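One structure is given below, encoded as structure tokens.
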Amino acid sequence: MKGGTIQISWHDGKPVLTLDFHPISGLLATAGADYDIKLWLINSGQAEKKVPSVSYQSSLTYHGCAVNTIRFSPSGELLASGADGGELIIWKLHPSETNQSWKVHKSLSFHRKDVLDLQWSPDDAYLISGSVDNSCIIWDVNKGSVHQILDAHCHYVQGVAWDPLAKYVASLSSDRTCRIYVNKPQTKSKGVEKMNYVCQHVITKADQQRGDETKTIKTHLFHDETLPSFFRRLSWSPDGSFLLIPAGSFKVSPTSEAVNATYVFSRKDISSRPALQLPGASKPVVVVRFCPVAFKLRGSNSEEGFFKLPYRLIFAIATLNSVYIYDTECVAPIAVLAGLHYAAITDITWSPNASYLALSSQDGYCTLVEFEDKELGESVSISVGKKPVDGEEEKHDLEKADELMTETTPDESKKQAELEQNEANKQPLPSKITTDGEEKEHVMQKTDDEVMTERRHEEENQPLQSKVNTLVSNKPARKRITPMAIDP
């Protein structure tokens, strides 16, 4: 694995707020505060053992405000972009013999304020958007009209996600709730069913044991509106087994300090209690995203993992200034990337073949991480495993809660906080990579086999450079971020 911040003018030095890979061609689309959407071709750096680079392809110019979110449709034929002021545009791909161009297809108007996140339905026919006007809207893309308005939130809707099996949609708001909607179709006069989503669960609080007493108290699961980010982007796993929710704030005990966390909800039990929580160091988690590719089980860590799947899924969790990469077969993250940017991370995305992970930041730069061939494993079709079906006994299930319990030590948060210290110091600090539970530090070693981190002074208008390598070790873990179950 190698990666680093690409030192180019992505959007005229203005914040890059969102990015997404095209699901077919692998082109990278970025957008931000300069109002434009830009397309980039990724150039591999493997042959020369260098950080990957990008080549500018074209710009999509139409928006008159900052673009907060862009997402390609699953087919790759459409691109949706949401911006300040409620602007929401659908772009359509027009291929030709010489090149491919994107043109404005539809303008969807109804949101009164900024659109912060959006997600396509699996069949390209619908789109869900979340806005500062406290509402989610499900759009009929073919008609270019509002299909349904979900307006139960009482504060900004900062993240939305569409179940790949098309049964649920989810929304996450700064009102400290995550709402799960289930599709209950309505039958029209001609016998045609109309898609209709109804709120089934409101995830907001969990029972917390009060010391040695038998009484329990309700504690909030999520950060309030003071979270220093406009985004809380949540994500379903590609097989629909799990929902990953960021912006968590969990207390181990009523008197302890809150721990920033990501919650894992099993599809089988999408209720008010998360099945698992992943600590997120000293900064809040703002974006989570699953890799679209599934991989064969390695077998070596299958007894340690919390997930029972016939394949491995990989996902990335981004805090304001670091990224944790997990797979479903390991307890600890397989890699931790820190000290990459001097401002908040805004979005992350995986390439369709899992070769690249890209992240954007408000400092005006993007980081690319390239994985070597089969470094993450051998890819498999998700169809080899049994897709979860509601009401059935699933193989895609978390282990029992009593098997999940992990003791938390007082020093755990301090160890995690070390990853975040690069922002506060002007002196060169190491970039930290965690692999198979072991954390290694490498400081300014000018070789291809080790991690390089170069610091510049605050007044220089250049981003931090980092190269990242995966290190393999059979030694037992000494420092790691330990997932922890929540008491039922």
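The values are calculated or read from the model by the stated rules, or taken from the named source; none is laboratory data. Please read all numbers here as calculations on a predicted model, not as lab measurements. Quick reminder, even Gly has a Cβ in these numbers, built from the backbone with ideal geometry, and neighbours come from all protein chains shown. Protein only, heavy atoms only, side chains kept; ligands, DNA and RNA dropped before computing areas. Shrake-Rupley method; radii C 1.70, N 1.55, O 1.52, S 1.80 Å.
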| request: From (1) touching a residue at least 40 places away in the same chain (Cβ under 8 Å); (2) of a type in the set (A, V, I, L, M); (3) farther than 28 Å from residue 218 by Cα, pick out the condition that doesn't hold for residue 152. | output: (3)
| request: Filter the range 204-231 down to residues that are modelled with pLDDT under 95 and assigned to a strand (DSSP E or B), then give me how many there are. | output: 10
| note | Residue hits (the range 232-242; part of a loop (DSSP other than H, G, I, E, B), touching a helix residue (DSSP H, G or I) at 6+ places or on another chain (Cβ under 8 Å) and open to solvent by less than 20 Å² (accessible area, probe 1.4 Å)) are 239, 240, 241
| message | Please pick out the residue among 111, 153, 147 that is touching a helix residue (DSSP H, G or I) at 6+ places or on another chain (Cβ under 6 Å) and of a type outside the set (Lys, Arg). | response | 111
| task | Please tell me if residue 170 is of a type in the set (Gly, Ala, Ser), over 17 Å from residue 221 (Cα atoms) and surrounded by 15 or more Cβ atoms within 10 Å (Cβ to Cβ). | result | no
| said: Among the residues of the range 340-347, are any of a type outside the set (Gly, Ala, Ser), more than 26 Å from residue 240 (Cβ to Cβ) and surrounded by fewer than 24 Cβ atoms within 10 Å (Cβ to Cβ)? | reply: yes
| message | Looking at the range 114-125, can you tell me whether even one residue there is in contact with a Pro (Cβ under 9 Å, 6 or more places away or on another chain), small (Gly, Ala, Ser) and at pLDDT 95 or above? | response | yes
| residue 179, sole failed condition from (1) loosely packed, with under 14 Cβ neighbours inside 10 Å; (2) among the charged types (D, E, K, R); (3) touching a strand residue (DSSP E or B) at 6+ places or on another chain (Cβ under 7 Å) | (1)
| note | Checked the range 44-94 for anything more than 30 Å from residue 372 (Cβ to Cβ) and hydrophobic (A, V, I, L, M, F, W, C); matches are 60, 65, 66, 67, 78, 80, 83, 88, 89, 90, 91, 93
| Between a first residue in the range 29-52 that is aromatic (Phe, Trp, Tyr) and a second residue that is assigned to a loop (DSSP other than H, G, I, E, B), which pairs have beta carbons less than 8 Å apart while being 6 or more apart in sequence or on different chains? | 35/61; 35/63; 35/64; 35/65; 35/66; 40/27
| Which condition does residue 189 not pass, out of (1) without any contact (Cβ under 8 Å) to a residue 40 or more places away in the chain; (2) part of a loop (DSSP other than H, G, I, E, B); (3) closer than 20 Å to residue 267 by Cβ, if it passes all the others? | (3)
| task | Confirm whether residue 265 is touching a strand residue (DSSP E or B) at 6+ places or on another chain (Cβ under 6 Å), within 18 Å of residue 223 (Cβ to Cβ) and at pLDDT 90 or above. | result | yes
